[in-house]
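Report on one structure; see the data block that follows.
Every read-out reported here was derived from the displayed coordinates using simple, explicitly stated rules and does not represent laboratory data. Predicted model only: the values in this text are computed from it and were never measured. Note that each Cβ is placed from the backbone with ideal geometry, even for glycine, and that neighbours are counted across all protein chains shown.
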Amino acid sequence: MPTFSIREAAAEDVDLIARRRVTMAEESGGTKVSAQLADATLRWLRENTQRGTLRSWVAESGGKVVGSVSCRIRETSPREFDLAGREAYVQHLYVDPPYRGLGIGRALMQALLDWCAANDHSRIALRTSEMARSLYERMGFVADRIMTYKGKT
């Protein structure tokens, strides 16, 4: 079983994280991501990382990045358990196919959750694929009432 380590991503990791995000989108959507979207994703990741509203973690094994996850801190309305009105929104959890099932996704999520706890972000949300749903449920996430508008039919 390969060993791995988790660390918070550095500024120089942003380009790699952007490429991983594109790979994830292509795998889940089954279509190629346009160059314009890939460029926009890279710009967005760079800008939000520089602003401090996006934090990321990477998993390394054998000297290469094999997994990553990000969370964006966004403003939202206050709630009883979150009077500050900040939400950590989990994005881009991706583990390279040969490294899936080894606990890397869980370790990345645990690093993110630990950071959220240490920084008083008690409200954490995400959207999931069917492949990752059981991981999130085992870690304490529950389905909520959120619906997404996709246009009129």
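Computed over the chain, the quotient of the alpha carbon radius of gyration and 2.2 N^0.38 Å is 1.06.
In the chain, the DSSP-assigned H stretches of four residues or longer account for a calculated mean residue ellipticity at 222 nm of -12000 deg cm²/dmol, using -39500 (n - 2.57) per stretch and the full residue count as denominator. The charge dipole of the chain, taken about its Cα centre with unit charges on the Cβ atoms of Lys, Arg (+1), Asp and Glu (-1) only, comes to about 380 debye. Amide hydrogen proximity for Q91: with H placed 1.01 Å from N in the peptide plane, the residues at 5 or more positions away or on another chain lying under 5 Å are S70, C71, R72.
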